[in-house]
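Quick notes on the structure that follows.
The values are calculated or read from the model by the stated rules, or taken from the named source; none is laboratory data. Treat the numbers as computed from the prediction; the structure is a model and nothing was measured. Glycine gets a Cβ as well: all are built from the backbone with ideal geometry, and neighbour counts include every protein chain shown. With ligands, DNA and RNA removed, areas are computed over all heavy atoms of the protein, side chains included. Shrake-Rupley method; radii C 1.70, N 1.55, O 1.52, S 1.80 Å.
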Amino acid sequence: MTTPRQRYRRGPLAAAFGGLAAATLAVTLAVPAAAAGSTLQAAAAESGRYFGTAIAASRLNDGTYTTIANREFNMITAENEMKMDAMQPSRGQFNWSSGDRIVNWARQNGKQVRGHALAWHSQQPGWMQNMSGSQLRTAMLDHVTQVASYYRGKIYAWDVVNEAFADGSSGARRDSNLQRTGNDWIEAAFRAARAADPGAKLCYNDYNTDNWQHAKTQAVYNMVKDFKARGVPIDCVGFQAHFNSGNPVPSNYHTTLQNFADLGVDVQITELDIEGSGSSQAQQYQGVVQACLSVARCTGITVWGVRDTDSWRASGTPLLFDGSGNKKAAYTSVLNQLNQGGTSVPNPGNPTPTPTQPGTTPTPTPTQNPGTGSCTATYSEGQKWNDRFNGTVTIRANTAISGWSSTVTVRQPQRIIATWNGSPTWDSSGNVMTMRPSGSGALAAGQTVSFGFTVQHNGDWTWPTLTCSAS
């Protein structure tokens with residue numbers, strides 16, 4: 001994230017992918033009122049997630065600011081105080097005071113801390129900006145080691161490397177002084193961070209990686225895939241999620257999160273802010289939360305600031321509280337969505353669900369329905385936990401079609417509790433869901449589209465049955 005005084009312009013993504021309205025991703029069934037969390041952190045905790053914010057040390061004397069931060073959030077990120085220029089303003093001379101103030105405030109109030117950021121082309125101290133080659137590489141790795149070692153045991157996750165890929169269609173690394181030290185500099189930073197703080201999660205963090213179809217997203221994905229294949233220590237990927245009218249939440253946002261998670265890393269929304277106001281802003285926020293809740297390894301969400309007036313984009317009123325500290329419509333939509341639930345974060349020590357009858361396994365229904373007209377619906381099993389499982393339905397057009405609908409039928413006592421990538425309706429029993437496309441349902445012959453859902457199984461692991469109808 002860039003500060004207002006150092007802000008550079010980020011080009012808007014193609015508007016053709018459209019905004020993410022509330023119906024685009026999910027409709028979820030309400031949980032009993034007794035289970036509802038009254039704050040963001042309490043509601044997120046119902047599914048094992050955190051809900052965090054970025055804090056500025058200079059505002060910790062503001063009572064309204066700290067009251068909101070303490071009440072609503074349980075993960076804290078230093079806005080600027082732990083970046084390279086703040087941590088090591090002169091070579092070999094570290095200034096821990098502001099970073100310590102934030103870390104100590106967080107820990108004294110029972111919160112966890114995300115460390116941001118160890119290595120970045122921006123907000124480097126002047127002495128580092130003048131370096132190059134092996135001298136710069138050594139200085140960068142020393143900084144990573146010293147800072148991660150100093151805070152060892154106090155940090156939940158580090159943004160080890162920040163914003164290392166270029167915008168645009170090239171899919172290339174950003175041309176920075178760090179990149180010019182060698183293409184392996186990111187890997188070297190991750191290995192140094194693991195050695196310095198083996199207990200912290202190590203993340204790569206970037207912006208404009210939200211749309212799955214974009215070259216930058218694909219480039220980061222391929223790097224993470226390569227790192228996992230070669231044993232480079234990477235545990236998570238952070239999606240900054242800075243949105244506005246020219247760069248709305250993409251309709252395939254859930255797909256992006258899920259595809260990264262499928263590589264075996266956690267995904268975290270790290271710097272969320274959405275410019276706008278009223279119901280439009282509220283729907284965008286709701287869509288982001290829905291996407292995270294539908295991906296088991298989306299472990300938490302951090303908004304980049306407390307009140308609109310605290311934001312680096314204050315003129316766009318992008319946060320959940322107004323300048324006076326009042327809850328906005330966006331806050332209510334986020335809280336309600338968190339309380340409606342989603343896919344729980346799995347326990348890493350017990351990732352496999354326990355069958356209701358020891359020694360038995362569920363008997364699946366057929367995975368494919370021939371369909372009617374000219375489309376076919378195919379079911380794919382997704383991730384599973386003790387109380388629920390994910391499923392994906394792929395609609396294939398056997399001939400060119402102008403629209404489609406698919407019914408998904410679950411058996412009592414199963415319930416569909418979350419959906420994404422479509423507009424669902426239910427029959428009176430609640431067991432038959434009809435999914436229709438959120439936008440145009442036109443597909444060329446052989447073209448496919450997918451939607452997904454989460455089933456709370458209540459002891460019955462049987463797969464849903466499907467139909468497909470085309471027009």
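Brief remarks follow.
- Near GLY341, once Lys and Arg are set to +1 and Asp and Glu to -1 for all other residues with Cβ below 12 Å from its Cβ, the sum equals +1.
- THR66 sits among other residues whose Cβ lies under 13 Å from its own Cβ, and their net charge, with Lys and Arg +1 and Asp and Glu -1, is +2.
- All other residues whose Cβ lies under 15 angstrom from that of GLY403 are scored, Lys and Arg at +1 and Asp and Glu at -1, for a net of +2.
- Only DSSP H runs of four or more residues enter the estimate; each adds -39500 (n - 2.57), and after division by the residues of the chain the mean residue ellipticity at 222 nm equals -7500 deg cm²/dmol.
- Structural descriptor for the range 108-227: relative contact order 31 percent, calculated from alpha carbon pairs under 8 angstrom and at least 6 residues apart.
- By a 1.4 Å probe calculation restricted to protein chains, LYS154 has an accessible surface near 80 Å², given to the nearest 10.
- Across the chain, the mean sequence separation of Cα contacts (distance under 8 Å, 6 or more residues apart), normalised by length, yields a relative contact order of 16 percent.
- Surface per residue (accessible, 1.4 Å probe) for the chain, Å²: 38
- Ranked by the mean number of other Cβ atoms within 10 Å of their residues, highest first, the peptides 423-431, 321-329, 107-115 fall in the order 107-115, 321-329, 423-431.
- Solvent-accessible area of the range 228-290 (1.4 angstrom probe, protein heavy atoms only): carbon and sulfur portion equals 42 percent.
- Across the range 50-160, the mean sequence separation of Cα contacts (distance under 8 Å, 6 or more residues apart), normalised by length, yields a relative contact order of 28 percent.
- Under 28 Å from LYS201, Cα to Cα: lysines that are on another chain or at least 8 residues apart: LYS83, LYS111, LYS154, LYS216, LYS225, LYS228, LYS384
- Karplus-derived 3J(HN,Hα), 6.51/-1.76/1.60, for each residue of the range 181-193, Hz, glycine and proline x: 7, x, 5, 8, 5, 5, 4, 4, 5, 5, 5, 5, 5
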